[in-house]
C-alpha cells in the first residue's frame, strides 16, 4: 500500500461521502453534525482493527470524539473501513466508500437514539463501551443461528433504496445490491425490492425518509419481504430436521 496515495484517497472519499450523505438525507439530518470516521484514523483498541466495511453504534460520536477534528456536539457517527476497502480493490475505493457510507446512514436514520439520547455516563464508562464496540468489530460475527438479514430487515431495505434513488439523482450511482438485500442477507436481489417499491422513491423524493418509512409500504414490497422470510424459515426447518 502506498501510504501517501491511500491517505489522500481516504481524505477525499470521506469528504465526498459526507457531502453525499448530507444531500440525500438533508431533511432527516437537518442541522445535526454528521461524523464519518475512517478506520485508519483510529487506534486498534478503538476500532482501527475492524474487519468490517463499516459500522455504527450507540453513542459512537462520544466514543470517538477525540479522533473527530471537527467535533461539534452530538450527531450521527459511522466508521468506514477505509483500509479494508482499499485492500480489497483500490480502483473502486471511492465507490465502495460511498456505498458503505450510505449503508451505514440507513442504519443511523432508523436508530436516532444512537445520537440523540441524553448521556450521563462518565468518561471512563464511555471508554469501556468504546473498547467493547472495537472488540466486536475486530472479528467476523460468529455463526449464532440468527437469520442473515438480522438488522437489515424490510425497513432498512426501504430506507436504503430511497437513499440509493436520491444519490442517483445527484449523479452518484450505487448499485442497489451493494446497499441492501441480496444473497449475502439470504434475501431476494435488491433489484426485486426496488421494483416492488414502485415509484415511491420518485414520488416522495422531497419528503423526509424517516417520515416515509413510518408509513405502510407498497403491498408488493411487503409481500416480497414476507415471502423471503417464509422461505428462510422453511429452509431453516429443513436443515434443522435433517440434522436430527
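Each value in this text was obtained by applying a stated rule to the coordinates, not by laboratory testing. These numbers come from a predicted model, not from an experiment. Methodologically, a virtual Cβ is constructed for each residue, glycine included, from the backbone with ideal geometry; neighbour enumeration extends over all protein chains shown.
Could you work out the relative contact order of the range 20-158, using alpha carbon pairs under 8 angstrom and six or more residues apart, expressed as a whole percent? Walk me through the intermediate numbers first.
Working: 170 pairs, mean separation 45.3, N = 139.
Value for the range 20-158: 33 percent.
Taking only DSSP H segments of four or more residues, each worth -39500 (n - 2.57), what value at 222 nm results for the chain once the sum is divided by all its residues, to the nearest 500 deg cm²/dmol? Please list the in-between numbers first.
Values: 12 runs with 132 residues, N = 244.
Helix contribution divided over all residues of the chain: -16500 deg cm²/dmol.
Ranked highest first by the average count of other Cβ atoms within 10 Å around their residues, in what order do 35-48, 191-204 fall?
Numbers: 35-48: 19.4, 191-204: 16.4.
Result, highest mean first: 35-48, 191-204.
Run the quick spin-label model on residue 4 and residue 111: label points 7 Å from Cα toward the beta carbon, then report their separation in nm to one decimal.
Distance between label points: 3.9 nm.
Averaging sequence separations of C-alpha pairs under 8 Å and six or more residues apart, then dividing by the length of the range 154-243, give the relative contact order as a whole percent. Don't jump to the answer; show the numbers that get you there.
Details: 67 pairs, mean separation 25.7, N = 90.
That works out to 29 percent.
To the nearest 10 degrees, how steeply does helix 154-169 sit against the main Cα axis of the chain, on a 0 to 90 scale?
So the inclination is approximately 70 degrees.
Taking square-rooted eigenvalues a ≥ b ≥ c of the alpha carbon gyration tensor, is the range 3-137 rounded, prolate or oblate, where a/c under 1.5 means rounded and, failing that, a/b exceeding b/c means prolate? Please report the intermediate quantities before stating the final value.
Details: a/c = 1.87, a/b = 1.23, b/c = 1.52.
Oblate shape, in that a/c is at least 1.5 and b/c is the bigger or equal ratio.
If R0 is 25 Å, what FRET efficiency do you get for residue 227 and residue 203 from their C-beta distance, rounded to 0.05? Write out the running numbers ahead of the final one.
Values: r = 24 Å, r/R0 = 0.97.
Computed FRET efficiency for residue 227 and residue 203: 0.55.
Quick one: grab the alpha carbon gyration tensor of the range 88-211, order the square roots of its eigenvalues as a ≥ b ≥ c, and give me rounded if a/c is under 1.5, else prolate or oblate depending on whether a/b is larger than b/c.
On the way: a/c = 1.75, a/b = 1.46, b/c = 1.20.
Prolate is the answer for the range 88-211, as a/c is 1.5 or above and a/b outweighs b/c.
Along the Cα→Cβ direction, 7 angstrom out, place labels at residue 15 and residue 124. What is the inter-label distance in nm?
For residue 15 paired with residue 124, the spin-label model returns 4.2 nm.
On full extension of the chain, what length is gained from residue 23 through residue 131, given 0.36 nm per residue of separation minus the C-alpha to C-alpha distance?
Working: separation 108, 0.36 × 108 = 38.88 nm, distance 3.21 nm.
Contour length minus Cα-Cα distance gives 35.7 nm.
On a full-extension model of 0.36 nm per residue, what is the gain between residue 143 and residue 66, subtracting their alpha-carbon distance, rounded to one decimal in nm?
On the way: separation 77, 0.36 × 77 = 27.72 nm, distance 3.37 nm.
Result: 24.3 nm gained on full extension.
With all distinct Cα pairs included, what does the Kirkwood hydrodynamic radius of the range 26-86 come out to in Å, to one decimal, could you say?
Computed over Cα pairs of the range 26-86, the Kirkwood hydrodynamic radius comes out at 11.9 Å.
Return the whole-Å distance between the Cα centroid of the range 81-121 and the Cα centroid of the range 172-228.
The two parts, judged by their Cα centres, are 19 Å apart.
Using only Cα atoms, find the angle between the long axis of helix 3-24 and the longest principal axis of the chain, and express it within 0 to 90 degrees, rounded to the nearest 10.
Taking Cα atoms only, the helix is inclined about 60 degrees.
Please compute P(r) over all alpha-carbon pairs of the range 154-243, binned at 10 Å starting from zero, and give each bin as a whole-number percent.
16, 46, 25, 9, 3, 0
Helix 93-110: angle to the longest alpha-carbon principal axis of the chain, degrees 0 to 90, nearest 10?
It is inclined by approximately 70 degrees.
How high is the relative contact order of the chain, in percent, counting Cα pairs under 8 Å that sit 6 or more residues apart? Write out the running numbers ahead of the final one.
Numbers: 302 pairs, mean separation 49.2, N = 244.
Across the chain, relative contact order equals 20 percent.
Across every pair of different alpha-carbon atoms, what Kirkwood hydrodynamic radius in Å does the chain reach? If you can, show how the numbers build up before the last one.
Values: mean 1/r = 0.0526 Å⁻¹.
This gives a value of 19.0 Å.
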